[in-house]
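Notes follow once the structure below has been shown.
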Amino acid sequence: MNIIIKFLLIAFCFILLGCSSKDKKEVSIIEDKEIEFQMIDAYREGVEALENGDALFAAKKFNEASILYPQSLWAPKSSLMAAYSYYSQNYYGDAIFELEQFLKTYPKHENVDYAHFLMAMCYYEKIVDEKKDLKPLIKAKEKFQFIIEKYPNTDFALDSSYKINLINDILASKEMYIGKHYIKKEKWIPAINRFKTVVTKYDTTIYVEEALHRLVEIHYRIGLTDESKRYASMLGYNYKSSEWYKKSYKVFNRSYRDPAKSIDKKKGNFITRKFKSLFD
């Protein structure tokens, strides 16, 4: 009889354990559902706040959503939305932080190309005065170049290429600015190096023609006539119809006059003033 009682007690314990385990699973499922609903509510609040122009509150709610249920499919989307919210209100540092966290947490996510592009745009938008601080400019160019190489067949790559052209224009203009400053100081070698940089690194920009002309002028002025002619030939070969080529032609032929222009006294004085201003 004792054996039967012991057996029944053991069986009863197993039943209780089974019920307890089942209850725990059911409670866990209920809790997960509640958390998921909370996350969805937080996400919706974030969307509404963003639509109403309250980007900071929106970012807060999106972050809340991603923290509430990190294993959910909504979590990475919430993280990206938080970054975009900051970006939309010019909080670029906060947006970059969010994007760095996203890329660390979800390196294989389907929207990782968008995350890289948005980060590149954050650096691009941080460009305030390229004459004083080139760091955002260089960082933006690096990120856009990464996108072109990593995701070549996307719209992001196409726009990145366009942005790089704009950045190169800015970088070339800075080189021209410094080069002309060196001309004023008669520091010929530093000036030559700056204009050569434009010709070699930024040859697709609008500044390459002027850079070649400046190289013609400087080399002629310091007595390196053959070098001057070489750059003039390069300018003529590639940009024969350019105004800068016509200016370079005058370096070797001071009697040259553009046949399309009158050479009355007034216009002649203007040409002289323009020529002298090349060394200003």
Open item on the list: Show the residue pairs meeting these rules: Cβ distance below 6 Å; 6+ apart or different chains; first residue within region 191-208 and within 16 Å of Ile167 (Cα to Cα); second residue crowded, with 20+ Cβ neighbours inside 10 Å and small (Gly, Ala, Ser).
Closed with: Val198/Ala172; Val198/Ala211; Val199/Ala211; Tyr202/Ala172; Thr205/Ala172; Tyr207/Ala172
TODO: Among what's in region 22-47 and is loosely packed, with under 13 Cβ neighbours inside 10 Å and at pLDDT 60 or above, pick the residue that is farthest from Ser78 (Cα to Cα).
DONE: Glu34
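Working carefully through the options Phe102, Phe144, find the one that is closer than 30 Å to Lys60 by Cα and either polar (S, T, N, Q) or in contact with a Leu (Cβ under 7 Å, 6 or more places away or on another chain) (or both). Spell out how you get there, then give the answer.
Numbers: Phe144 fails: either polar (S, T, N, Q) or in contact with a Leu (Cβ under 7 Å, 6 or more places away or on another chain) (or both).
Result: Phe102 is the single residue among Phe102, Phe144 that is closer than 30 Å to Lys60 by Cα and either polar (S, T, N, Q) or in contact with a Leu (Cβ under 7 Å, 6 or more places away or on another chain) (or both).
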- [ ] Kindly provide the set of residues from region 81-140 that are assigned to a loop (DSSP other than H, G, I, E, B), modelled with pLDDT under 90 and more than 26 Å from Pro152 (Cβ to Cβ), ordered by number.
- [x] Val128, Asp129, Glu130, Lys131, Lys132, Asp133, Leu134
Task: Residue tally, condition in contact (Cβ under 8 Å) with a residue 24 or more places away in the chain, among the polar types (S, T, N, Q) and either surrounded by fewer than 19 Cβ atoms within 10 Å (Cβ to Cβ) or over 19 Å from Gly46 (Cα atoms) (or both), over region 71-115 - done: 6
Open item on the list: Being of a type in the set (Lys, Arg) and modelled with pLDDT of 85 or more is the filter here; which residues of region 229-245 pass it?
Closed with: Lys229, Arg230
TODO: Kindly indicate whether Ile167 is touching a helix residue (DSSP H, G or I) at 6+ places or on another chain (Cβ under 8 Å) and within 24 Å of Ala232 (Cα to Cα).
DONE: no
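If I ask for residues that are buried (at least 17 other Cβ atoms within 10 Å of the Cβ), out of contact with any Lys or Arg (no Cβ under 7 Å at 6 or more places or on another chain) and either in a loop (DSSP other than H, G, I, E, B) or not hydroxyl-bearing (Ser, Thr, Tyr) (or both), which ones from region 149-165 would you list?
Filtering region 149-165 for residues buried (at least 17 other Cβ atoms within 10 Å of the Cβ) gives 151, 156-157, 160, 163-164.
From what's left, out of contact with any Lys or Arg (no Cβ under 7 Å at 6 or more places or on another chain): 151, 156-157, 160, 163.
Within region 149-165, Tyr151, Phe156, Ala157, Lys163 meet the criteria.
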- [ ] Filter region 56-74 for residues that are of a type in the set (A, V, I, L, M) and at pLDDT 85 or above and give the result.
- [x] Leu56, Ala58, Ala59
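With respect to Lys187, determine if the residue is within 30 Å of Tyr220 (Cα to Cα), surrounded by fewer than 16 Cβ atoms within 10 Å (Cβ to Cβ), of a type outside the set (Phe, Trp, Tyr) and free of Cβ contacts under 8 Å to residues at least 24 places away in the same chain. Before you say what the answer is, go through the steps one by one.
Details: within 30 Å of Tyr220 (Cα to Cα): yes; surrounded by fewer than 16 Cβ atoms within 10 Å (Cβ to Cβ): yes; of a type outside the set (Phe, Trp, Tyr): yes; free of Cβ contacts under 8 Å to residues at least 24 places away in the same chain: yes.
The answer is yes for Lys187.
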Task: Identity of the residue in region 199-233, within 18 Å of Lys184 (Cβ to Cβ) and basic (Lys, Arg), that ends up surrounded by the most Cβ atoms within 10 Å (Cβ to Cβ) - done: Arg214
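Restricting the search to region 59-80, which residues are hydroxyl-bearing (Ser, Thr, Tyr) and not in a helix (DSSP H, G or I)?
Passing the criteria: Tyr69, Ser72.
The values are calculated or read from the model by the stated rules, or taken from the named source; none is laboratory data. As the structure is a prediction and not an experimental result, all values here were calculated from the model. Using ideal geometry, Cβ is built from the backbone for each residue, glycine included, and neighbour counts are taken over all protein chains shown.
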